[in-house]
Amino acid sequence: MDHSPSGSLRVISLCAGQGRDLLEVLADHPRRDDVRARLVELDARNTALAEETAHAAGLHQVDVVAADASLTDHYRGMVPADLVLVCGVFGNITDEDIERTIDICSQLCRTGGTVLWTRHRESPDRVPLICEWFEARGFELQWLSERDVGFGVGVHRFAGEPQPLVPGMRMFTFVGYDVLRGTRAQAEDA
Ligand SMILES: C[S@@+](CC[C@H](N)C(=O)[O-])C[C@H]1O[C@@H](n2cnc3c(N)ncnc32)[C@H](O)[C@@H]1O
């Protein structure tokens, strides 16, 4: 947000949780009133907390949607966005779905906009592949956390032309880290 052009800014968050990565920053950010945000999260306890936080901070342009974030329909009217948060997602979905989600990021993010994403760095470390997938679609790496800090955070800036949003598409199935790990262990044992 610090480096975004003046005027109104759009932010979307997929699987937003309680929205803490955005709302706590936005609350006292100089651009707070320029930002329109849509947080999409399935768990009603999380959406209630996110709504409460946004309300308490007077962030009236934050829309919290209790819905399946994997469906493109929920981003209508908010894309291409200046900032796309895909945090806590890539460690919980299959590799195929990670690539599909990155592919659809070119419908979600405006030219010059940013995708901020996370992924754990346990084996198999998919961070290098995620960077390759973004770069193959016109995203340039702006920042990546160091290999050994115990987490993975990446920031990619979109240098391409956004594709029109295709409604009715499913980006991923949120399988969950534990299930994915169990499935991988079974495959290795077989
Ligand atoms: C690991 S947390 C990440 C939360 C937040 N983005 C963060 O980084 O702190 C994953 C979140 O995804 C939510 N979730 C799981 N499946 C979802 C789906 N299909 N649509 C929306 N949210 C989902 C969970 O309820 C949980 O809050």
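Name the shape class, rounded, prolate or oblate, that the alpha-carbon gyration tensor gives for the stretch 49-99, where a ≥ b ≥ c are the square roots of its eigenvalues, rounded holds for a/c under 1.5, and otherwise prolate holds if a/b is larger than b/c and oblate otherwise.
The shape class here is prolate.
Using DSSP to define loop residues, name the GluC sites (Glu not before Pro) in the stretch 29-114 whose beta-carbon has at most 10 other beta-carbon atoms within 10 Å.
none
Once you have a ≥ b ≥ c as the square roots of the Cα gyration tensor eigenvalues for the stretch 61-181, tell me rounded if a/c is under 1.5, and otherwise prolate or oblate according to whether a/b is larger than b/c.
oblate
Any chance you could give the angle, 0 to 90 degrees and rounded to 10, that helix 95-108 forms with the longest Cα principal axis of the chain?
The two axes meet at around 20 degrees.
Please report the carbon-and-sulfur percent of the accessible area for the chain; probe 1.4 Å, protein heavy atoms only, DNA, RNA and ligands left out. Write down the numbers at each step before the final one.
Working: 4810 of 9590 Å².
The computed percentage sits at 50.
Mind listing the long-range amide H neighbours of V64? Cut-off is under 5 Å, sequence gap 5 or more, other chains count too, H placed in the peptide plane at 1.01 Å from N.
L39
Please turn the phi angles of the stretch 47-53 into ³J(HN,Hα) values with the Karplus equation 6.51 cos²θ - 1.76 cosθ + 1.60 (θ = phi - 60°), one per residue in order, whole Hz, x for glycine and proline.
Result, rounded to whole Hz: 5, 4, 5, 5, 4, 4, 4.
Could you tell me which chymotrypsin sites (Phe, Trp or Tyr not before Pro) in the stretch 104-187 are loop residues by DSSP with no more than 11 other beta carbons within 10 angstrom of their beta carbon?
Here the sparse-neighbourhood loop sites are F151.
Dipole size in debye (nearest 20) for the chain around its Cα centre, Lys and Arg Cβ +1, Asp and Glu Cβ -1? Write out the running numbers ahead of the final one.
On the way: 19 positive and 30 negative charges, 75 e Å.
That gives a dipole near 360 debye.
Please find, in a Gaussian network model of the chain (springs between Cα atoms separated by less than 10 Å), the residue of A50, A159, A136 whose mean-square fluctuation is greatest.
The residue with the greatest mean-square fluctuation here is A136.
What spacing in nm lies between the two simple spin-label points modelled at D189 and F174, each 7 Å away from Cα in the Cβ direction?
Computed distance between label sites D189 and F174 equals 2.8 nm.
Classify the stretch 23-83: rounded, prolate or oblate, from the alpha-carbon gyration tensor (a ≥ b ≥ c, eigenvalue square roots; a/c under 1.5 rounded; otherwise prolate if a/b is larger than b/c)?
oblate
What nm value, rounded to one decimal, do you get for the distance between T111 and D125 when each label is placed 7 Å out toward the C-beta?
3.6
Let me cross-check D82: its accessible surface, 1.4 Å probe, with only protein heavy atoms counted, in Å² to the nearest 10?
Surface accessible to solvent at D82 totals approximately 20 Å².
What do you get for trypsin sites (Lys or Arg not before Pro) in the stretch 104-190 restricted to DSSP loop and a cutoff of at most 12 other Cβ within 10 Å of the site's Cβ?
R147
Per DSSP H run of n ≥ 4, the term is -39500 (n - 2.57); total these for the chain, divide by its residue number, and report the mean residue ellipticity at 222 nm rounded to 500 deg cm²/dmol.
-9000 deg cm²/dmol
Rounded to the nearest 0.05, what FRET efficiency do R181 and E140 have when you use their Cβ-Cβ distance and R0 = 35 Å?
0.65
The values are calculated or read from the model by the stated rules, or taken from the named source; none is laboratory data. Just so we're clear, the structure is a prediction, and the values are computed from it rather than from any experiment. Quick reminder, even Gly has a Cβ in these numbers, built from the backbone with ideal geometry, and neighbours come from all protein chains shown. Areas reflect the complete protein model, heavy atoms only, side chains present, ligands, DNA and RNA absent. Shrake-Rupley method; radii C 1.70, N 1.55, O 1.52, S 1.80 Å.
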